[in-house]
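None of the figures in this text is laboratory data; all of them are computed from the coordinates on show. In this text, all values refer to a predicted model and were calculated from it rather than measured experimentally. Heads up, the Cβs are rebuilt from the backbone with ideal geometry, glycines too, and the neighbour counts pull from every protein chain shown.
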Amino acid sequence: MRGAKSAKWVAIAGVVALTATACGGGDSDNNGSGKVDPKGIVSYANGEPQNALQPSNTMEAYGSVVIDSLFTGLVHYDKKGDITYENAESVTPDKDSKVWTVKLKPGWKFHNGEAVTAKSYVEAWNWAADPANGQQNSAWYRDIEGYDDVHPEKGKAKKKAMSGLKVVDDNTFTITLKSGIPYYAYKLVYAPFYPLPSAALKDPKKYGEAPVGNGPYKFEKWDHKKVISVRAFDGYKGANKPKNGGVDFKAYNKDTAAYADLKSDNVDSMPIVPNSEIANFKQDFGDRAIDMDFSALNTVNFAFYTKQWKDIDVKVLQGLSMAIDRDTIAKTVFHGTRESATGWVAKGVKGYQDDACGEYCKFDAKKAKQSIKDGGGVPGNKIQIQYNADQPHKDWVVAVCNSITNATGVKCVGDPVTDFAADTEIRDQKKVKSMYRSGWVLDYPFNGNFLADLYGTGVDGNKGGFSDKKFDKLTKEADAAKTIDESAKLYQQAEKELVNTFPGIPLWYNKTLSAYSKNVKKVEFDQAGDPILTDVEVFEK
Amino acid sequence: MGRYVARRLLQMIPVFIGTTLLIFLMVNVLPGDPVAALWGDKPPDPAQVAQIKHDRGLDLPLWQQYFHYMGGLLQGDFGNTIAGNRPILDEITQAFPVSMRLAAMAWTFELVVGITLGVLAGVKRGRVLDNTVTLFTLLVISVPIFVFGLFLQLIFGNELGWVTPTVQDSENFVELILPALVLGLVGLAYVARLTRTSIAENRQADYIRTAVAKGLPRKRIISRHLLRNSLIPVVTYLGTDIGTLMGGAVITEGIFNVAGVGNLLYRGLFQHEGTVIVGVVTVLVLVYLLASLLVDLLYAVLDPRIRYA
């Protein structure tokens, strides 16, 4: 299951389309004149969204991609991981990064004509934070002062509004945080921070079936389990004006069915090619195949609460990491569609540093064996890697295990669990026997998101029970930094520190693998793996 | 006859309760918390999890949940989905007509082509035609259905371009032809084999010899005497196959992206939507029960010697 990432695209100068212009020789029969039709409709292979279409209630990919086409948030980020302004004219912190002042660009309208004001944001967030309204994403407001009154751990809301949100005037509001966060603006990119028109709060149910946003596309229809149609919004004020007439999100149940349609130009693009087609999709699509960086990282993590790892010498952990031949597995099992990881932060995020893991993430059988020996060996001389069997993890787990066993003689077996839900349940209950596979897709393109949110003592994302005082101290310092850049630098130090504790073994960086039909050109995906639909151009029929 | 039907209908009640209870329990022992799973790989929000569980009645003891569920069911309320809180009845009334259409087409295909092939093979036993049919059915039975599905999709959809590779509109008859063919293939093979064997056996029977001796036309012998008596095992198979076709379409519906029952079931399993699974299977159980009743009643029509008390 892909995480629920939402992201839109801001056009930045100098970005070269990864893929050459659409029609290679011999392929051009379908393109007619080769002219672009600005009113053309793009069809995108999607699925039926889990929930009604409310920004604060949409986590999974099928709903997020639709929501992101309908809404434009305050800010976004570019390929370098820097903040760009969308509906906001400015988002400025005070000197402690505690009080953030948001100024909106004036004159923006919702698709129903209502003006987008400071109230459209503040009221939407307060409403979504109230557990009684059942919005799945409400934890995103937890940094704001007064969140615990509106959304207590248990029971009903004590207050209806967060004290940290204040409307100053029509186009200005302030956000007061519980404590300073220098990179808070990144969080504002996400769907729960979109504005809502007043009608949305009056009749949320009706709204969820036919959402009204402020984004590049306006909602047209939702034919359940068949298609969701959005059309270009003429009154759109943002920079990412659609270069097409709209998008039809077609519902598929299986990615293989979508792939069959894509091959026949029956659908124009899909999120990611099915695993069964990875070996041949480049051959099928030629220069219409997409292979892009995607800011996600695969790891194998240790369950530090088990007897096996409780008092382990870090040399053993480093040795296990050195025993894995990442490059060969990427080439054979993944057909070259993953890239060996060299640290705990994915590529494409602010503060990414090359080679943070150093020699410990490079395959060296001899050193691996020696290191494990020096550290006193693996207790029981056997490790297990837990994974969910409903996704194609088995092959690489077996390969990793073989690599470890061949290099060091440590026995290694896979520990399959029926599906992802069961897998996470076991992890949450801290019942993993030895190690577990893990993956992280960026929440926001900042290195802290891959560090403090995963390996800080006691944080939600820390499923292995890892705890290191020195690391905690470094991340705290990073969070207290004055600017984003400074914070990112301090986080880099924290990442370097992980070499000495080794909370998990970095394996590979992910890629977005996709393709597009002969009907369109300029199909790209951003670093969160989401399609940049507004840039897609459709050929005249 | 009336009493027989009444008794059969009454028998359905314990079967119905038993199956629903069994499925209800089975779904509930599946590992993984369906509510927490809504958050994917992100940490779930305890307050929202509690709220959702409370709203859907998932915080009650299992037996209470079952009674609530059955109580609702008697009033035609199948409950709501965990994700999205949508009425399951809506999902079912959307999916069943699609699958029924698909199943009906596949079933007709099985019936017409299967029986025709079976009769031809049975009458011409040992000849080229018989061997061809045997070979063909052997092939169909031994090759997994998804191989045929993907193969035909590739040939007719991707290569020849006669149809779109997947079904664009699940309510369109023409588009459903290819998936219906795939769905009906295995059944067709069994029907052909059953018919062939039955016909071949009965051809030696005394009443056929009598009919031939009477000088009846060949056509009449085959259709009125031979076929009618040979159909009982075939009818049994065709009857139970209705239910199989409805629920067993998971693979075919997946390959051709048909928004039917198979898909609903597949998604329900993947999202741990217990009530969706129970709901769908409940309706399927009803279809099975009614189909098998119908089959039993048909016996009497085919063979008047069979009487119901």
Q) Which of the helices in chain B, when you take each full DSSP H run, stretch at least 15 Å along the axis at their Cα atoms and have an average Kyte-Doolittle score of 0.5 or higher? A) B:2-28, B:88-109, B:128-142, B:173-202, B:228-247, B:274-302
Q. Do you know the relative contact order of chain A, to the nearest whole percent, from alpha carbon pairs under 8 angstrom that are 6+ apart?
A. 22
Q.
Taking each residue in B:88-94, count the Cβ atoms of any other chain within 10 Å of its Cβ, then average. What number comes out?
A. 1
Q) Hey, can you rank A:455-461, A:515-521 by average C-beta count inside 10 Å, highest first? A) A:515-521, A:455-461
Q | Rel. contact order, % - alpha carbon contacts under 8 angstrom, at least six apart, the range A:301-377 | A | 45
Q.
On a 20 Å Cα-Cα criterion, which of the cross-link pairs A:80/A:347; A:187/A:237; A:80/A:473 come out too long?
A. A:187/A:237; A:80/A:473
Q: Return a whole-number percent for the relative contact order of the range B:62-218, with Cα pairs under 8 Å and 6 or more residues apart as the contact set.
A: 30
Q | Residue list for the range A:141-168, given a label point 7 angstrom along the Cα-to-Cβ vector of residue A:119 and an amide N cut-off under 14 Å | A | A:167-168
Q: For a quick protection proxy, order the peptides B:6-15, A:119-128, A:54-63 by their average other-Cβ count within 10 Å, most packed first.
A: A:54-63, A:119-128, B:6-15
Q: May I ask you to give the average projected area over all directions of the convex hull of the Cα atoms of chain A, in nm² rounded to one decimal?
A: 24.1
**Q.** Gained length - residue A:149 relative to residue A:166, 0.36 nm times residue gap less alpha-carbon distance
**A.** 4.5 nm
Q) Suppose R0 equals 30 Å; then what is the FRET efficiency for residue B:132 and residue B:270 from their Cβ-Cβ distance, rounded to the nearest 0.05? A) 0.15
Q. Once amide H atoms are placed 1.01 Å from N in the peptide plane, what residues at a sequence separation of 5 or more from residue A:417, or on another chain, have their amide H within under 5 Å of its amide H?
A. A:387, A:388, A:389
**Q.** Computed E for residue A:156/residue A:109 - FRET, C-beta separation, R0 41 angstrom, nearest 0.05
**A.** 0.70
Q. Is there a simple number for the mean count of other chain Cβ atoms within 10 Å of the Cβ of residues in B:266-272, and what is it?
A. 3
(Q) With the crude spin-label approximation of a point 7 Å out along Cα→Cβ, what separation in nm comes out for residue A:489 versus residue B:30? (A) 5.2
Q: In nm, give the distance between the simple-model label positions of residue A:405 and residue A:96, each being 7 Å from the Cα along the Cα-to-Cβ direction.
A: 5.7
Q: Within the range A:411-445, which residues have the backbone N less than 19 Å from the label spot 7 Å out from residue A:382 along Cα→beta-carbon, could you tell me?
A: A:411-417, A:431-437
**Q.** Neighbour net charge for residue A:410 - beta-carbon separation under 13 angstrom, K R +1, D E -1
**A.** +4
Q: Place the peptides A:382-389, A:157-164 in order of packing, highest mean first, counting for every residue the other Cβ atoms within 10 Å and averaging per peptide.
A: A:382-389, A:157-164
Q: Ignore the peptide's own chain and count Cβ atoms of other chains within 10 Å of each Cβ in A:409-422; give me the average, rounded.
A: 3
Q. What is the Cα centroid distance between the range B:188-261 and the range A:463-535, reported in whole angstrom?
A. 63
**Q.** Mean-position separation - Cα centroids, the range B:161-182 and the range A:132-174, in angstrom
**A.** 49
Q: Return the distance in nm (one decimal) between the two label points of a simple spin-label model at residue A:206 and residue B:154, each offset 7 Å from Cα along Cα→Cβ.
A: 5.2
**Q.** Modelled FRET efficiency - R0 30 Å, residue B:75 with residue A:198, Cβ distances, 0.05 increments
**A.** 0.25
Q: Calculate how many DSSP beta bridges within the protein assembly as shown are antiparallel, expressed in % of all such bridges and rounded to the nearest 5.
A: 75
Q: Quick one: check the C-alpha center-to-center distance for the range B:81-143 versus the range A:83-124, whole angstrom.
A: 59
